[in-house]
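Participant: Just passing along the structure, written as structure tokens.
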Amino acid sequence: MELKITCIPGDGIGPEIVAEAKKILDTVAEKYGHTMNYTDILMGGASIDAYGVPLTDEAIETARNADAVLMGSIGGNTSTSPWYKLPPNLRPEAGLLAIRKALNLFANLRPAVLYEELAGACPLKEEISAAGFDMMIMRELTGGLYFGERRTVEENGVMKAIDTLTYDENEIRRIAVKGFDIAMKRRKKVTSVDKANVLDSSRLWRKVVEEVAKDYPEVTLEHMLVDNCAMQLVRDPAQFDVILTENMFGDILSDEASMVTGSIGMLASASLNDSKFGLYEPSHGSAPDIAGQDIANPIATILSASMMLRYSFDLDKEADAIDAAVRQVLKDGYRTVDIMSEGCTRVGCRQMGDLLAERIR
Ligand code: NAD
């Protein structure tokens with residue numbers, strides 16, 4: 001299979017971690033007989049330095065013409081970098097918002113996995129972390145409260161702020177379909193999270209999710225109120241497979257789930273549109289404090305590349321090989337600085353890439 005991938009190395013540690021992800025993709029391509037066709041584009045600070053804007057129309061066009069986009073991370077030190085003296089629409093992060101919008105990426109996927117070997121980093125009690133967990137949070141990304149009409153008015157001398165939370169059934173259906181599709185590739189359970197005891201938008205959410213569920217008889221659907229879900233994530237995270245939820249609830253719950261894993265350098269993510277196209281990137285930022293030192297953990301980006309193979313190209317076997325290599329390398333005791341613990345062997349970014357590639361071969 002020929003895979004046309006646009007890469008965005010970005011800023012800070014971005015170029016280092018994307019180089020390792022390419023190394024892993026090339027290793028997979030060699031082993032399983034695929035051809036990787038990469039085109040790099042600039043985004044964020046790198047694009048500001050070259051073109052004066054965080055993302056050019058040409059770069060968007062290149063991304064649009066690919067099958068998927070693999071990104072490192074963008075942005076610099078927000079207190080010292082000259083990029084943050086620019087108006088907000090010209091700062092590095094504006095590039096990210098622009099590409100998400102241009103590519104119509106409405107579904108955000110954030111896996112939260114607790115690896116047995118990293119259980120020590122999990123802030124939960126040992127009897128809970130011992131069970132491990134492996135969940136996928138699917139968050140609607142372009143609707144709801146963050147995109148509704150808003151205004152601040154003064155009424156009879158009292159200031160009043162209004163935000164509106166709107167979802168139509170089509171917006172709910174398309175994300176629900178994605179959620180069930182993803183569940184079919186996993187343990188076939190969807191927990192749909194809402195606040196249906198209070199909100200109309202949640203009642204419509206629940207109704208549409210139930211309609212979509214009828215097309216997926218193999219998937220078990222359960223509903224959970226968002227306040228209960230926030231508690232269950234720390235009480236019994238192992239119960240979750242796919243958590244399907246709207247924009248604001250997903251924003252909060254996905255950060256909570258990430259924190260529970262305790263390892264920022266291990267967290268992948270993806271944003272998908274209604275075709276197979278997706279933008280894949282680590283959940284962490286560009287870590288300017290450690291850029292250029294060959295010490296960044298490339299695993300979140302490598303796991304994002306694995307998600308790309310699974311969800312944009314349906315190459316599940318190849319994605320499994322990457323995920324297994326990550327587990328093996330942890331089992332073999334190799335750690336980058338962010339996940340280092342006593343008795344393990346500390347390695348840099350490039351060496352971590354080499355160790356993973358060896359295990360895939
Ligand atoms: P950050 O995630 O870049 O870093 C937080 C801490 O985690 C730092 O100490 C860093 O060294 C460490 N860290 C992060 N990733 C690591 C890795 N792979 N290996 C080892 N250590 C790692 O968050 P921040 O410092 O708040 O932000 C830095 C820049 O990144 C800012 O400009 C911010 O806007 C940007 N940012 C970009 C994205 C994105 O591109 N999607 C996301 C978040 C932040």
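Participant: Checking Asn156 against (1) polar (S, T, N, Q); (2) exposed (fewer than 14 other Cβ atoms within 10 Å of the Cβ); (3) within 19 Å of Phe106 (Cα to Cα): exactly one of these is not met. Which one?
Facilitator: (3)
Participant: Suppose we keep only residues that are more than 25 Å from Leu303 (Cβ to Cβ), open to solvent by less than 70 Å² (accessible area, probe 1.4 Å) and β-branched (Val, Ile, Thr) within the range 39-93. Which one would you say is nearest to the ligand (Cβ to nearest atom)?
Facilitator: Ile48
This table checks each residue for (1) over 19 Å from the mean Cα position of the chain (by Cα); (2) not in a strand (DSSP E or B).
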{"residue": "Leu165", "(1), (2)": "yes, yes"}
{"residue": "Phe180", "(1), (2)": "no, yes"}
{"residue": "Ala196", "(1), (2)": "yes, yes"}
{"residue": "Ser201", "(1), (2)": "yes, yes"}
{"residue": "Val208", "(1), (2)": "yes, yes"}
{"residue": "Glu222", "(1), (2)": "yes, no"}
{"residue": "Cys229", "(1), (2)": "yes, yes"}
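Participant: Could you tell me whether the range 81-90 includes any residue that is more than 22 Å from Leu356 (Cα to Cα) and hydroxyl-bearing (Ser, Thr, Tyr)? Break it down stepwise before answering.
Facilitator: Filtering the range 81-90 down to residues more than 22 Å from Leu356 (Cα to Cα) leaves 81-90.
The next check asks that each one be hydroxyl-bearing (Ser, Thr, Tyr); those that pass are 81, 84.
Scanning the range 81-90, I find at least one residue that is more than 22 Å from Leu356 (Cα to Cα) and hydroxyl-bearing (Ser, Thr, Tyr), so the answer is yes.
Participant: Next up: Take Tyr167 and decide whether it is of a type in the set (Phe, Trp, Tyr) and open to solvent by less than 70 Å² (accessible area, probe 1.4 Å). Give the derivation first.
Facilitator: Details: of a type in the set (Phe, Trp, Tyr): yes; open to solvent by less than 70 Å² (accessible area, probe 1.4 Å): yes.
The answer is yes for Tyr167.
Participant: Then there's this: Looking only at residues in the range 323-350 that are among the polar types (S, T, N, Q) and over 24 Å from the mean Cα position of the chain (by Cα), which one is nearest to the ligand (Cβ to nearest atom)?
Facilitator: Going residue by residue through the range 323-350, those that are among the polar types (S, T, N, Q) are 328, 336, 341, 345.
Those still in the list that are over 24 Å from the mean Cα position of the chain (by Cα) too: 341, 345.
Numbers: Ser341: 14, Thr345: 16 Å.
This residue is Ser341.
Participant: Looking for whichever is within 13 Å of the ligand (Cβ to nearest atom), at pLDDT 95 or above and open to solvent by 60 Å² or more (accessible area, probe 1.4 Å) here; the options are Pro9, Pro15. Which one fits?
Facilitator: Numbers: Pro9 fails: open to solvent by 60 Å² or more (accessible area, probe 1.4 Å).
Answer to the check: Pro15.
Participant: Another question about this same structure. Among the residues of the range 289-303, write down those that are outside any loop (DSSP other than H, G, I, E, B) and in contact with a helix residue (DSSP H, G or I) (Cβ under 7 Å, 6 or more places away or on another chain). Spell out the reasoning first.
Facilitator: Of the residues in the range 289-303, the ones outside any loop (DSSP other than H, G, I, E, B) are 289-290, 299-303.
Within the range 289-303, Ile299, Ala300, Thr301, Ile302, Leu303 qualify.
Participant: Could you check the range 94-109 and list, in sequence order, the residues that are away from the ligand (no atom under 12 Å from the Cβ) and either of a type in the set (Gly, Ala, Ser) or under 15 Å from the mean Cα position of the chain (by Cα) (or both)? Give the steps one after another, and end with the answer.
Facilitator: Filtering the range 94-109 for residues away from the ligand (no atom under 12 Å from the Cβ) gives 98, 101-107, 109.
Within the range 94-109, Ala98, Ala102, Leu105, Phe106, Ala107, Leu109 qualify.
Conditions tested, residue by residue: (1) in contact with a helix residue (DSSP H, G or I) (Cβ under 6 Å, 6 or more places away or on another chain); (2) assigned by TED's automatic domain parsing to the domain that holds Ala296.
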| residue | (1), (2) |
| --- | --- |
| Gly72 | yes, yes |
| Leu86 | no, yes |
| Asn89 | no, yes |
| Leu109 | no, yes |
| Thr152 | no, no |
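Participant: Could you tell me whether any residue of the range 110-120 is open to solvent by 30 Å² or more (accessible area, probe 1.4 Å) and among the aromatic types (Phe, Trp, Tyr)?
Facilitator: no
Participant: Scan the range 115-127 and report the pairs whose first residue is part of a loop (DSSP other than H, G, I, E, B) and whose second residue is open to solvent by 50 Å² or more (accessible area, probe 1.4 Å) and of a type in the set (Lys, Arg), with Cβ atoms within less than 8 Å and a gap of 6+ or a chain change.
Facilitator: Tyr115/Arg327
Participant: Now for a different question. Where residues in the range 261-270 are near the ligand (Cβ under 10 Å from one of its atoms) and either touching a Leu at 6+ places or on another chain (Cβ under 6 Å) or β-branched (Val, Ile, Thr) (or both), which of them is nearest to Asn104 (Cα to Cα)?
Facilitator: The first filter runs over the range 261-270 and keeps only residues near the ligand (Cβ under 10 Å from one of its atoms), leaving 263-267, 269.
With the extra rule that they be either touching a Leu at 6+ places or on another chain (Cβ under 6 Å) or β-branched (Val, Ile, Thr) (or both), the set shrinks to 263-264.
Details: Ser263: 29, Ile264: 27 Å.
This residue is Ile264.
Participant: Name the residues in the range 251-285 that are of a type in the set (Phe, Trp, Tyr) and either under 19 Å from Ile339 (Cα atoms) or buried (at least 23 other Cβ atoms within 10 Å of the Cβ) (or both), would you? Lay out the reasoning, then the answer.
Facilitator: First, the residues of the range 251-285 that are of a type in the set (Phe, Trp, Tyr): 277, 280.
Correct list: Tyr280 only.
Participant: Among the residues of the range 289-299, write down those that are surrounded by fewer than 24 Cβ atoms within 10 Å (Cβ to Cβ) and either acidic (Asp, Glu) or more than 6 Å from the ligand (Cβ to nearest atom) (or both). Working first, answer last.
Facilitator: Taking the range 289-299 as the starting set, the residues that turn out to be surrounded by fewer than 24 Cβ atoms within 10 Å (Cβ to Cβ) are 289-295.
Listed by number, the residues that qualify are Asp289, Ala291, Gly292, Gln293, Asp294, Ile295.
Participant: Moving on to the next point. Consider Gly179 carefully, then state whether it is under 29 Å from Met308 (Cβ atoms), touching a strand residue (DSSP E or B) at 6+ places or on another chain (Cβ under 9 Å) and surrounded by fewer than 18 Cβ atoms within 10 Å (Cβ to Cβ).
Facilitator: Numbers: under 29 Å from Met308 (Cβ atoms): yes; touching a strand residue (DSSP E or B) at 6+ places or on another chain (Cβ under 9 Å): yes; surrounded by fewer than 18 Cβ atoms within 10 Å (Cβ to Cβ): no.
When the stated conditions are applied, Gly179 does not pass them.
Participant: Mind telling me which of the residues Val242, Val193, Val208, Val198 ends up being touching a Phe, Trp or Tyr at 6+ places or on another chain (Cβ under 6 Å) and either assigned by TED's automatic domain parsing to the domain that holds Gly144 or open to solvent by 10 Å² or more (accessible area, probe 1.4 Å) (or both)?
Facilitator: Values: Val242 fails: touching a Phe, Trp or Tyr at 6+ places or on another chain (Cβ under 6 Å); Val208 fails: touching a Phe, Trp or Tyr at 6+ places or on another chain (Cβ under 6 Å); Val198 fails: touching a Phe, Trp or Tyr at 6+ places or on another chain (Cβ under 6 Å).
When all the criteria are applied, what remains is Val193.
Participant: Would you say Ala29 is part of a helix (DSSP H, G or I) and within 16 Å of the ligand (Cβ to nearest atom)?
Facilitator: No; evaluated as a whole, the condition is false for this residue.
The values are calculated or read from the model by the stated rules, or taken from the named source; none is laboratory data. Note that the coordinates shown come from a computational prediction; the quantities given were computed from them, not determined experimentally. Please note: Cβ atoms are built from the backbone with ideal geometry, for glycine as well, and neighbour counts cover all protein chains shown. SASA here: full protein model, heavy atoms, side chains in, ligands and nucleic acids out. Shrake-Rupley method; radii C 1.70, N 1.55, O 1.52, S 1.80 Å.
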